[in-house]
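Notes for the one structure printed next.
The values are calculated or read from the model by the stated rules, or taken from the named source; none is laboratory data. Being a predicted model, the structure only gives us computed values, none of them experimental. FYI the Cβ positions are ideal-geometry reconstructions off the backbone, even for glycines, and counts take in every protein chain you see.
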Amino acid sequence: MLLHTAQRLFDGRHWYADAWLELAGDRVADWGNGVPPDGEIVGEHVCVMPALIDAHCHVAGSAEPVTPVQIADPYEPQRGCLALLHEAGVGAIRDLGNHPEMITNLTRLPDTAPVLIRSAGAVLDEPPAQVAHCRLVTDAEQVRQAVRVAAEEGASWVKTFANLRPELVAAAVQAADRFGLRVAHRPGRTDALTAARLGVDTVEHLALCAPPRNRQSPAHRPAAEVLRDWAEPGVLENLAGTLAELAERRVRLVPLVLATRRAAVLDDAVGEPRLERLLNIAPIHRHLIDMRGAGLNLGRRFARNYLGYEHLRGKARSTVEQGWTTLLAALRDAYEAGVVLLPGSDAVGISLVPGYALHEELGLWDRAGIPRDAILRAATGQAAALLGIAGPKGRDPWTAGVLAVRKDPTVATNLPGVFADVRFLVPPTTTAAVEQRRTPLERAQ
Ligand SMILES: [Zn+2]
């Protein structure tokens, strides 16, 4: 048997000091602390923990398509996205909205970086279409049909989108139950509280959970406007009831606060240090790179016309910042109310680099005052339970892979920095990944 030892080991739920991890082939056989079992010690580490899980991302699902003439390999964006996730220590993702063909075809890419994918396929919405990868429905029967098709295509989630009325979200919950899928909801015409009462499994985007002025939030309402709503008096008081009910009903919340910030504040989007890494995945980022330094003034008009960025000056800017501060306070409130929080990045959105954006999201949770231990559990054990990959009672917390970490993430000052420097000791259980990406039809053969 091969053994790794670590000053600290985390298994997604518990911490161990002076710990060991025993491998049988490319699987974790056992782990514990104290005297290790017989075997050859092949690595000694500061910290060993399960790979990170991104509970909300889109494999190369950027709004901006890649022009085919730019690249020789039609799958380069997807490959690039998976490679970045792997590099950043992310071993599993929930892909919440994508072309269903993409997930199916990934199984046929032998050199794809191993990432375990749970997918929602196309998002379910009422007209008008707001994203390219959507399935439009107008009544409950069409909802049932769409969910059945998604199940046949290999989806394990349904994403109910911004225009769906409550009765159609209810139909989606029922159909998902029947076909063995789960439901992720993006608040809009059906708000977070209503969706929770209808029985969805997760609510996405904390920023959309308490729009005090306009509850019927359209999908592409500018993020700066959404943040300004959070600067209104009484927002946190109004949100308290929703949070209490999410906690009581065990509806998980995927806050996506970094994604909100990057969509609202152009300076932050342009300031992302890894923008170059997105060029082969979502080439539109070339324009953000051109805006660095003096280019920012020239670029503001492009950013407004094509990316929806408002030019934030004076009061408009300070109100957005005030709303941002309140949003982080709401994140802390959600934690304290007992809501199960799951980290997601919404990469590849604008200025959201796969993997690294998840690290930044975790850093913001840290800044919001959520305890480190809770952040780390959310990004590993709790997310694995959500994806259904942790086995009964979380007994197999290593399915997404095992990471060696050079600093103790419970005490290191810069959490994103800690995760930017990890490596996989054990890759994700790729047989599970391949199995997942096959359609039920293929599985039956
Ligand atoms: Zn998303």
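Residues in segment 298-318: is at least one assigned to a loop (DSSP other than H, G, I, E, B), modelled with pLDDT under 90 and in contact with a His (Cβ under 9 Å, 6 or more places away or on another chain)? Yes, because at least one residue in segment 298-318 is assigned to a loop (DSSP other than H, G, I, E, B), modelled with pLDDT under 90 and in contact with a His (Cβ under 9 Å, 6 or more places away or on another chain). Residue-level check: of (1) closer than 23 Å to Leu208 by Cα; (2) away from the ligand (no atom under 16 Å from the Cβ); (3) part of a helix (DSSP H, G or I), Thr260 misses just (2). Under the condition of being free of Cβ contacts under 8 Å to residues at least 12 places away in the same chain and within 16 Å of the ligand (Cβ to nearest atom), the residues counted in segment 324-356 number 0.
When Asp18, Asp54, Asp30 are screened for being touching a strand residue (DSSP E or B) at 6+ places or on another chain (Cβ under 6 Å), closer than 22 Å to Asp346 by Cβ and either charged (D, E, K, R) or surrounded by fewer than 14 Cβ atoms within 10 Å (Cβ to Cβ) (or both), only Asp54 passes.
Any chance segment 362-379 includes a residue that's touching a residue at least 60 places away in the same chain (Cβ under 8 Å), among the basic types (Lys, Arg) and either more than 14 Å from the ligand (Cβ to nearest atom) or in a helix (DSSP H, G or I) (or both)? Yes, segment 362-379 has at least one match.
Here's a check for you: in segment 12-64, which residue that is among the β-branched types (Val, Ile, Thr) and within 16 Å of the ligand (Cβ to nearest atom) is modelled with the lowest pLDDT?
If we take residues in segment 12-64 being among the β-branched types (Val, Ile, Thr) and within 16 Å of the ligand (Cβ to nearest atom), then Val59 is modelled with the lowest pLDDT.
Checking each residue in segment 79-104 for being assigned to a helix (DSSP H, G or I), within 16 Å of the ligand (Cβ to nearest atom) and surrounded by fewer than 23 Cβ atoms within 10 Å (Cβ to Cβ) picks out Pro100, Met102.
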